[in-house]
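Note sheet for the following structure.
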Amino acid sequence: MRLFYSSGSPFARAVRVALRETGLIHRVEEVETTLRDPASTLLPHNPVGRVPTLVLPDSTALTETALILPFLDTLGGAYPLVPQGALADFGRVLGATDGMGVWNRELRRPLNERSPTVIALETTRTNRVADALEAEVAAGGWALDAPPDAPRIALGCLLGYAEMRHRAWPWREGRPALSAWFDRLAARSSFAATIPPVSGI
Ligand SMILES: N[C@@H](CCC(=O)N[C@@H](CS)C(=O)NCC(=O)O)C(=O)O
């Protein structure tokens, strides 16, 4: 199997972390690719052109993080990534990551092409989810006493993206529990091996 990824993508990072945590990494070749590029090595496999894309031995190309992580659970990894009880949390984190991605994309546009309305909407959405998570972590939720499941991995990748590629969002301010939670998770070797490069935003 081959996993197409870009080093900056929080979605692709979630799959890369999951592969390392479950021990499935040895069955997958990671292929770094370019995005929004007509010459991208990904396009012959997946016309959607987004990462993560997992190409199976029969050439089937699986795209969408919410589909790839449950698929990994069929491969006999060390533990289930997406047990039934994790679906709600997983969905909330993916929704927040989408919101942060839209916000980030706006900030990459020239000033006169940015939509203040979109930025305001996505800033509010992302903060709303982060505030809910801060309250849950402060109340003892999101325990890290076992290897991380899909929601924990995705949340670590969301916050890791904010740290390195979306510094316009001071996400740690007023969120001491979530900050400490992230620092603990980020120390795992799976996260250390997949840190995204810093961007100017
Ligand atoms: N809903 C998708 C989102 C994936 C996504 O947005 N990936 C971005 C990188 S973070 C991408 O490939 N963008 C390239 C493009 O938009 O053409 C998922 O959960 O996997």
Discussion item. What distance in nm separates the two pseudo spin-label positions at LEU67 and ARG2, each 7 Å out from Cα along the beta-carbon direction?
Written reply: 1.9 nm
Item to complete: Give me the distance between the Cα centres of region 129-177 and region 50-85, rounded to whole Å.
Response: 23 Å
Worksheet entry | ³J(HN,Hα), Karplus 6.51/-1.76/1.60, whole Hz, each residue of region 187-201, x for Gly, Pro | 6, 5, 5, 5, 7, 4, 7, 10, 4, x, x, 5, 10, x, 9
Discussion item. Report for region 2-75 the percent antiparallel among DSSP-assigned beta bridges with both residues inside it, nearest 5.
Written reply: 60 percent
Discussion item. When a/c reaches 1.5 or more, the comparison of a/b and b/c decides; with that in mind, is region 84-188 rounded, prolate or oblate per its Cα gyration tensor?
Written reply: prolate
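Please work out whether region 1-43 counts as rounded, prolate or oblate from its C-alpha gyration tensor, where a ≥ b ≥ c are the square roots of the eigenvalues and a/c under 1.5 means rounded, while otherwise a/b larger than b/c means prolate and anything else oblate? Mind dumping the intermediate values first?
Values: a/c = 3.97, a/b = 1.79, b/c = 2.22.
Because a/c hits 1.5 or more and a/b fails to exceed b/c, region 1-43 counts as oblate.
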Discussion item. Sort THR124, THR22, THR74 by heavy-atom solvent-accessible area, probe 1.4 angstrom, most to least.
Written reply: THR74, THR124, THR22
Practice prompt. Normalising by the residue count of the chain, find the relative contact order in percent from Cα pairs under 8 Å and 6+ residues apart.
Written response: 25 percent
Worksheet item: Each residue of region 85-96 in order: what ³J(HN,Hα) in whole Hz does its phi give by Karplus 6.51 cos²θ - 1.76 cosθ + 1.60, θ = phi - 60°, with x for Gly and Pro?
Response: x, 9, 4, 5, 5, 4, x, 5, 5, 5, x, 5
Fill in: Within the accessible area of region 84-188 (1.4 Å probe), percent carbon and sulfur
56 percent
Worksheet item: GLU32 versus THR74, label points 7 Å from Cα toward the beta carbon: distance in nm?
Response: 3.1 nm
Worksheet entry | Added length on full extension, which subtracts the Cα-Cα distance from 0.36 nm per residue, ALA193 to ARG167 | 7.3 nm
Practice prompt. Assuming a ≥ b ≥ c are the square roots of the Cα gyration tensor eigenvalues, decide whether region 3-158 counts as rounded (a/c under 1.5), prolate (otherwise, with a/b larger than b/c) or oblate.
Written response: oblate
Worksheet item: Which percentage, to the nearest 5, of the DSSP beta bridges contained in the chain is antiparallel?
Response: 60 percent
Response to the item:
Interchain or sequence-distant (5+) residues whose placed amide H lies within less than 5 Å of the amide H of VAL31 are LEU3, PHE4, TYR5
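The values are calculated or read from the model by the stated rules, or taken from the named source; none is laboratory data. Just so we're clear, the structure is a prediction, and the values are computed from it rather than from any experiment. Cβ atoms come from the backbone with ideal geometry, glycine included; neighbour counts cover every protein chain shown. SASA here: full protein model, heavy atoms, side chains in, ligands and nucleic acids out. Shrake-Rupley method; radii C 1.70, N 1.55, O 1.52, S 1.80 Å.
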